[in-house]
Amino acid sequence: MKTSMKRKTHFPFHITQSPLIDIVGPTASGKTSLAIDIATQFNGEIICADSRSIYQGADIGTAKPSIAQQKKVPHWGLDLVKPGEYYSVADFKTYADQKIAEIRSRGHIPFLVGGTGLYIDAVILDYKFGPPVDSKLRSSLQRMTTDELYAYCEKNNIKLPENYKNKRYLIRSIEKNDIHVKKRRIPLKSTIVVGITTNKTVLRSRINTRTEQLFKDGVINETKLLGEMYGWDNQVMTSNIYPLIHSYFDGDMSINDVKEKFKTLDWRLAKRQLTWLRRNSFIHWLSLDEAKDYLIDTLAIRK
C-alpha cells in the first residue's frame, strides 16, 4: 500500500457541528493509541468499532483499551452485551449514531475507531437496514449445530462465510441473505476518514509483541473464567484466541503452539481487514506519524 506523503486538509470549514473523526486500520496498527492521543488534545470521545470488544468480560483476549487508557478519554462501544447474546451491525449503528449525537451535544469531538469494517461503513455510509431479522428464525438457527447450519446454507444456496466452521458467522450469513441494505456512496458530511498504513514487517512485529502481552496480562485465566460462565460455544469464545486456549486446556496444544497459531490468525485477520477497508476509495491512508500530524493540523485549524 502506498503512503501519501502530502498532508492535505479535507476539513469542511463551512460546518458548525463537530466533525466525526474516523480512524481505521488493521489490528495492531496503533490506531487506538493514536486516537487517545489526539482525542486528549481536542476534547474527543472514542467510540470503539470492534465486533469483539462489545462483549462483557472479554477484556484481555479482545485487546480492549486498558483501564488507564479509558481514564484518559471517555470510551464507548465496550461491554455492550454478555457473551452469547445476539448483537447485529444494525444494533451497533443505532448505538453509534446515538453516541455521536450525545458527544456533539457536549461540544466534544466524536472519534470512531476500529477495525471492523462493516461497523465502520454502517455508520459513516449511513446504512438503512430492511426489516429486522425474524426472531423465530434466529432462535431456530441458534439451536442448530454447525453442521446443520452448513447444510442449511448448502440447501438454500447461501454463500458460506470465509470461516464457515464458526457458528456465529454461519448464522450471520443466513440472516444477511434476507436483509437488504441501502447506503451512501460517500461518507456523511463532516466526516474525516484516516486509514493507518503499516509496513508488513512492523505490523507482524506488533502482532507478535501483543500476543506475548496477552499472556502476561492473564488471558489464560480470563479464558477459563469465560468458558465456565458462558460455555465454550458462545460467539466470543469461538473466535480470537479463546478457542486456542481451550485446546490447551484439553491438552491438544502447548502454550507455544497457542501463541504461534494465534500470531498466524491475527496476521490473517489484519489482511482481511485491509481487504475490506481498501474497497473504500475515500479513506486517506497515512503512516501513524503522518496521521497524527494530519489530524492535529486539521483540528487545530478548526479550533
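In segment 227-261, the qualifying residues are those that are in a helix (DSSP H, G or I) and in contact with a Gly (Cβ under 6 Å, 6 or more places away or on another chain), and the one that is surrounded by the fewest Cβ atoms within 10 Å (Cβ to Cβ) is Tyr230.
For every residue, the table says whether it meets (1) under 16 Å from the mean Cα position of the chain (by Cα); (2) of a type in the set (Asp, Glu); (3) at pLDDT 95 or above.
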site: Ser247; (1), (2), (3): no, no, yes
site: Gly251; (1), (2), (3): no, no, yes
site: Asp257; (1), (2), (3): no, yes, yes
site: Glu260; (1), (2), (3): no, yes, yes
site: Thr264; (1), (2), (3): no, no, yes
site: Gln273; (1), (2), (3): yes, no, no
site: Arg279; (1), (2), (3): no, no, no
site: Ile283; (1), (2), (3): no, no, yes
site: Asp289; (1), (2), (3): no, yes, yes
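Taking the condition of a type in the set (A, V, I, L, M, F, W, C), in a helix (DSSP H, G or I) and closer than 16 Å to Lys31 by Cβ, does Leu265 pass?
Numbers: of a type in the set (A, V, I, L, M, F, W, C): yes; in a helix (DSSP H, G or I): yes; closer than 16 Å to Lys31 by Cβ: no.
No; evaluated as a whole, the condition is false for this residue.
One residue alone among Tyr87, Tyr95, Tyr150, Tyr164 is surrounded by 13 or more Cβ atoms within 10 Å (Cβ to Cβ), at pLDDT below 85 and within 22 Å of the chain's Cα centre (by Cα), and that residue is Tyr164. Of the numbered criteria (1) more than 13 Å from the chain's Cα centre (by Cα); (2) surrounded by 19 or more Cβ atoms within 10 Å (Cβ to Cβ); (3) among the aliphatic types (A, V, I, L, M); (4) under 24 Å from Leu226 (Cα atoms), the one Ile109 fails is (4).
When residues in segment 184-199 are screened for being within 20 Å of Ala28 (Cβ to Cβ) and part of a loop (DSSP other than H, G, I, E, B), 3 of them pass. Residue pairs whose Cβ atoms lie under 9 Å apart, separated by 6 or more positions or on different chains, with the first residue in segment 49-66 and within 14 Å of Asn234 (Cα to Cα) and assigned by TED's automatic domain parsing to the domain that holds Glu212 and the second assigned to a strand (DSSP E or B) and of a type in the set (Val, Ile, Thr), are Ile54/Val81; Tyr55/Val81; Gln56/Val81. Taking segment 268-294 as the range and being of a type in the set (Ser, Thr, Tyr) and assigned to a loop (DSSP other than H, G, I, E, B) as the test, the residues that pass are Ser281, Ser287. Any residue at all in segment 121-139 that is surrounded by 12 or more Cβ atoms within 10 Å (Cβ to Cβ), modelled with pLDDT of 80 or more and either touching a Cys at 6+ places or on another chain (Cβ under 8 Å) or at positive phi (or both)? There is at least one residue in segment 121-139 that is surrounded by 12 or more Cβ atoms within 10 Å (Cβ to Cβ), modelled with pLDDT of 80 or more and either touching a Cys at 6+ places or on another chain (Cβ under 8 Å) or at positive phi (or both).
The values are calculated or read from the model by the stated rules, or taken from the named source; none is laboratory data. The structure presented is a predicted model; accordingly, all values stated were derived computationally and were not measured. In this analysis, Cβ positions are derived from the backbone assuming ideal geometry, glycine residues included, and neighbour counts consider all displayed protein chains.
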